[in-house]
């Protein structure tokens, strides 16, 4: 029985894979069907998963098993329920309160972490002595980091018209940005090809058994 | 106009077919092109290599099936390497599907079905599979692939050598809570067993007790959050692997502040790690397809540019004559 279910699963996977690939020719009902199935299944899976793996162990079980120790959990639980009143337009305004709590706490927590990691530490990491080591490659790397950072930041300085001498660092900054965009594009191509490899491997291994 | 559209459509079709064949054929007929190791992947390898045996480490499975082709080979290599170095592995997930991804990797490396792991836990026993320790199994059966093996650790016991603590929502907040107490953040493992009853968790209270943290990250929350909280707040060594798309964004964190101790970017990063370990695993096998596809894309970019240049030149001539 389990084997039959596996085979059916593989054939469904193959059908959906080809349905998605068919978009390369043009938009068609098979592609739309596969797309809708994906969206619907993802939403349903997420919904059920959240209930059984987030709400039940983190809210329902602690509150029901030991209310005295866990009564504080009622507050986020109620805020969560209030979020749902958005579906009833006359009471929609109530949902702004839990939303405000979520946005406020998220922004507050993120601000602190981002300030430390992406601002302070990144600036500190740029303050390097490029001539620390006699290695030519390390020296040129350090110099590139310093020049690239200064020129890249200068490119986004809009309070003064960038012309004449003031345009030079901006132009250098553009070159650094272009190189980074190119690297990102290369990595993106690699990622997409990896996904294609994954699908083709599935077809060749599980479906056609050409490779074991 | 319609003939131009038809021509463009056919050109695209030809490109798709060539790309499809370019990816498919090297999977069947292995070429064996070499992969150079980058310093960033070397750093990841060195971190695992230099962490003392007996250390407990954490691997965060922050991805889902859509990014498995890139991240699963990394996960297999990292867990395999950690076990080989005598580390105990704690798995967590900041993504819901990460729990299954971790189970999948443990199952593949221990040859023990997840159902058995769960059953062992509920009966309070630990179990090893029947195969011998020295069993080596090809993870991908390309017929002429050279020695494509990753060792199976059939001696590893759930709860002692590894554990899957499961998924917790919250991203940064969850990591911050783990910095204070892992036991309070994850009171039970993925199978519902109280964490306090698992021997692997005996000496582990908070993040600082870990040898290192690795995140296999497909986005947010993921490696970035581990850097921000685990390293920048709790000074835990953080490293990991990401999808190729997000890899360039992590390079600035590899700096003199040691925010990130190396990173594996995409399938190439996974293949480099396998090379460092002397293993011809699932990533190395796929790198031939990757390389061929890149060559095809480069050729077509060149053809497209030549074509565009010639068209522009012809238009300029036409306008000059007019």
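Out of B:291, B:284, report the one residue that is farther than 23 Å from residue B:222 by Cα, buried (at least 22 other Cβ atoms within 10 Å of the Cβ) and touching a residue at least 40 places away in the same chain (Cβ under 8 Å). Step through it out loud before you land on a result.
Details: B:291 fails: buried (at least 22 other Cβ atoms within 10 Å of the Cβ).
Within the list B:291, B:284, the selection yields B:284.
Can you tell me how many residues in the range B:226-260 are at the interface with another protein chain (Cβ under 8 Å from one of its Cβ atoms) and touching a residue at least 60 places away in the same chain (Cβ under 8 Å)?
Residues flagged as at the interface with another protein chain (Cβ under 8 Å from one of its Cβ atoms) and touching a residue at least 60 places away in the same chain (Cβ under 8 Å) within the range B:226-260 amount to 2.
Criterion first (surrounded by 12 or more Cβ atoms within 10 Å (Cβ to Cβ) and modelled with pLDDT under 95) does residue A:61 satisfy it?
On the way: surrounded by 12 or more Cβ atoms within 10 Å (Cβ to Cβ): yes; modelled with pLDDT under 95: yes.
Yes; evaluated as a whole, the condition is true for this residue.
Is one or more of the residues making up the range B:34-48 within 13 Å of chain A (Cβ to nearest Cβ), more than 30 Å from residue A:52 (Cα to Cα) and outside any loop (DSSP other than H, G, I, E, B)?
Yes; the residues of the range B:34-48 include at least one that is within 13 Å of chain A (Cβ to nearest Cβ), more than 30 Å from residue A:52 (Cα to Cα) and outside any loop (DSSP other than H, G, I, E, B).
Answer yes or no as to whether residue B:263 is at pLDDT 95 or above, surrounded by fewer than 23 Cβ atoms within 10 Å (Cβ to Cβ) and more than 10 Å from every other protein chain (Cβ to nearest Cβ).
Values: at pLDDT 95 or above: yes; surrounded by fewer than 23 Cβ atoms within 10 Å (Cβ to Cβ): no; more than 10 Å from every other protein chain (Cβ to nearest Cβ): yes.
Taking the combined requirement at face value, the residue does not satisfy it.
Tell me which of these residue B:202 doesn't satisfy, since it passes every other one: (1) buried (at least 17 other Cβ atoms within 10 Å of the Cβ); (2) within 29 Å of residue A:61 (Cα to Cα).
Of everything listed in (1) buried (at least 17 other Cβ atoms within 10 Å of the Cβ); (2) within 29 Å of residue A:61 (Cα to Cα), residue B:202 misses just condition (1).
Those residues that are touching a strand residue (DSSP E or B) at 6+ places or on another chain (Cβ under 7 Å), away from chain A (no Cβ under 11 Å) and either closer than 17 Å to residue B:97 by Cα or not in a strand (DSSP E or B) (or both), I need them from the range B:171-195; list them, please.
Of everything in the range B:171-195, those that are touching a strand residue (DSSP E or B) at 6+ places or on another chain (Cβ under 7 Å), away from chain A (no Cβ under 11 Å) and either closer than 17 Å to residue B:97 by Cα or not in a strand (DSSP E or B) (or both) turn out to be B:189, B:195.
Take residue B:15 and decide whether it is within 18 Å of residue B:270 (Cα to Cα) and either away from chain A (no Cβ under 14 Å) or assigned to a helix (DSSP H, G or I) (or both).
No, not satisfied.
Tell me the residue from B:302, B:270, B:293 that is modelled with pLDDT of 95 or more and touching a strand residue (DSSP E or B) at 6+ places or on another chain (Cβ under 9 Å), please.
When all the criteria are applied, what remains is B:270.
Take residues that are over 15 Å from residue B:241 (Cβ atoms) and modelled with pLDDT of 80 or more and tell me which of the helices (runs of 4 or more DSSP H) falling wholly in the range B:59-170 contain 2 or more.
Hits in the range B:59-170: B:68-84, B:98-110.
Tell me which residues, restricted to the range A:22-58, are closer than 19 Å to residue B:192 by Cα, over 25 Å from the mean Cα position of the chain (by Cα) and modelled with pLDDT under 90.
Kept after step one, since they are closer than 19 Å to residue B:192 by Cα, are these residues of the range A:22-58: A:48-58.
Still in the running and over 25 Å from the mean Cα position of the chain (by Cα): A:56-57.
A:57 - this is the single residue of the range A:22-58 that is closer than 19 Å to residue B:192 by Cα, over 25 Å from the mean Cα position of the chain (by Cα) and modelled with pLDDT under 90.
In the range A:120-137, what residues are within 11 Å of chain B (Cβ to nearest Cβ) and either part of a helix (DSSP H, G or I) or in contact with a helix residue (DSSP H, G or I) (Cβ under 8 Å, 6 or more places away or on another chain) (or both)?
The answer is A:120, A:121, A:122, A:123, A:124, A:125, A:126, A:128, A:129, A:132, A:137.
Tell me which of these residue B:219 doesn't satisfy, since it passes every other one: (1) at negative phi; (2) within 22 Å of the chain's Cα centre (by Cα); (3) surrounded by fewer than 22 Cβ atoms within 10 Å (Cβ to Cβ).
(1)
Pairs please, first residue from the range A:180-209 and more than 8 Å from every other protein chain (Cβ to nearest Cβ) and in contact (Cβ under 8 Å) with a residue 12 or more places away in the chain, second anywhere and in a helix (DSSP H, G or I) and exposed (fewer than 14 other Cβ atoms within 10 Å of the Cβ), Cβ atoms under 8 Å, 6+ apart in sequence or on different chains.
A:207/A:11
The values are calculated or read from the model by the stated rules, or taken from the named source; none is laboratory data. It should be emphasised that the depicted structure is a prediction, and the values quoted were computed from it without experimental measurement. Cβ coordinates were reconstructed from backbone atoms using ideal geometry, including for glycine residues, and neighbour counts include every protein chain displayed.
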